[in-house]
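A short reminder: the numbers here are calculations on the coordinates, not readings from a lab. The shown structure was predicted, so the numbers you read here are calculated from the model rather than taken from an experiment. Backbone-built Cβ (ideal geometry, glycine too); neighbour counts: all protein chains shown.
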Amino acid sequence: MFVAKNIVELKKTLPLYVNLIAVSKTKPVEMIMQAYESDQRDFGENYVQELVDKHNLLPKDICWHFIGHLQSNKVKYIAPFVHLIHGVDSIKLLKEINKQGEKNKRVLDCLLQVYIAREESKFGFDNNEISDLVESGLLETLEYVCVKGLMGMASNVDNEEIVTGEFKDLADFFKWLKAKETDNFVMNYLSCGMSGDYKLAIKAGSNMLRIGSTIFGKRIYE
Ligand SMILES: *Cc1c(COP(=O)(O)O)cnc(C)c1O
């Protein structure tokens, strides 16, 4: 039952306003159930097929967060049930999410991924692209999308100053965007902070953590 214990211990250290997403990727449903029995309801997964399988097997009151890189052609598989899509990183993806939301008659909540790390320039918008998106008026036409905030990943380095600086930049941008809120663009959630850096993320202003290995133990990839 180490999962239950880890969750309880972790939660004791978190401010009440912080939303904890338990990242269960690669972990079996039995371990997810241990967390569930400790009242954890928000879980995060990175792979579409794995998320769909786990959703089918597990209690229906779980809120599933998709936290990985989402390909447009796979939105349809998670649209019927997903709670929040972190990591939306292109206009094309936003449009597809809208289309699948319409098909399923549900507004799909999303976070825009902001590219904050100095390394690994892989996914995410930069700040200018997000301001352009907000100014463009495109979001008003996407009735089945609701942007609920931002998601970011700091550089994977030991240097606390670098990581804190990246989180602070993200938090500043998040605050700045509050002045631009509309009906389907609201800055409620700042999703940043993982096992290795969540304490720094909270200090910088995060209110949503995505934590895997601290809860479930190290992942073993085949
Ligand atoms: C795997 C993953 C996490 C959790 O990582 P840990 O270091 O195990 O806490 C958080 N966010 C994303 C996007 C991930 O892929």
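Closer than 22 Å to Lys92 by Cβ, charged (D, E, K, R) and touching a helix residue (DSSP H, G or I) at 6+ places or on another chain (Cβ under 8 Å) - does that describe any residue in the range 138-145?
Going residue by residue through the range 138-145, those that are closer than 22 Å to Lys92 by Cβ are 138-145.
Checking which are charged (D, E, K, R) leaves us with 140, 143.
Now narrow it down to the ones that are touching a helix residue (DSSP H, G or I) at 6+ places or on another chain (Cβ under 8 Å): 143.
The answer is yes, given that some residue of the range 138-145 is closer than 22 Å to Lys92 by Cβ, charged (D, E, K, R) and touching a helix residue (DSSP H, G or I) at 6+ places or on another chain (Cβ under 8 Å).
Collect the residues in the range 12-34 that are within 18 Å of the chain's Cα centre (by Cα), more than 15 Å from the ligand (Cβ to nearest atom) and either closer than 23 Å to Lys60 by Cα or crowded, with 18+ Cβ neighbours inside 10 Å (or both), keeping them in residue-number order.
Answer for the range 12-34, where residues must be within 18 Å of the chain's Cα centre (by Cα), more than 15 Å from the ligand (Cβ to nearest atom) and either closer than 23 Å to Lys60 by Cα or crowded, with 18+ Cβ neighbours inside 10 Å (or both): there is none.
Kindly provide the set of residues from the range 139-168 that are within 16 Å of the ligand (Cβ to nearest atom), surrounded by 15 or more Cβ atoms within 10 Å (Cβ to Cβ) and in a loop (DSSP other than H, G, I, E, B), ordered by number.
Met153, Ala154, Ser155, Val157
If you take the residues of the range 35-88 that are under 15 Å from the mean Cα position of the chain (by Cα) and of a type in the set (D, E, K, R), which of them is surrounded by the most Cβ atoms within 10 Å (Cβ to Cβ)?
Glu45
Say we look at the range 102-120 and pick out the residues that are under 16 Å from Leu139 (Cα atoms) and in contact with a Cys (Cβ under 9 Å, 6 or more places away or on another chain); which of these is surrounded by the fewest Cβ atoms within 10 Å (Cβ to Cβ)?
Selected residue: Val107.
Going through the range 191-222 one residue at a time, which ones are more than 8 Å from the ligand (Cβ to nearest atom), in a loop (DSSP other than H, G, I, E, B) and either surrounded by 15 or more Cβ atoms within 10 Å (Cβ to Cβ) or of a type in the set (Asp, Glu) (or both)?
If the condition is that a residue be more than 8 Å from the ligand (Cβ to nearest atom), in a loop (DSSP other than H, G, I, E, B) and either surrounded by 15 or more Cβ atoms within 10 Å (Cβ to Cβ) or of a type in the set (Asp, Glu) (or both), then Cys192, Gly193, Asp197, Gly205, Ser206, Asn207, Glu222 are the ones that fit.
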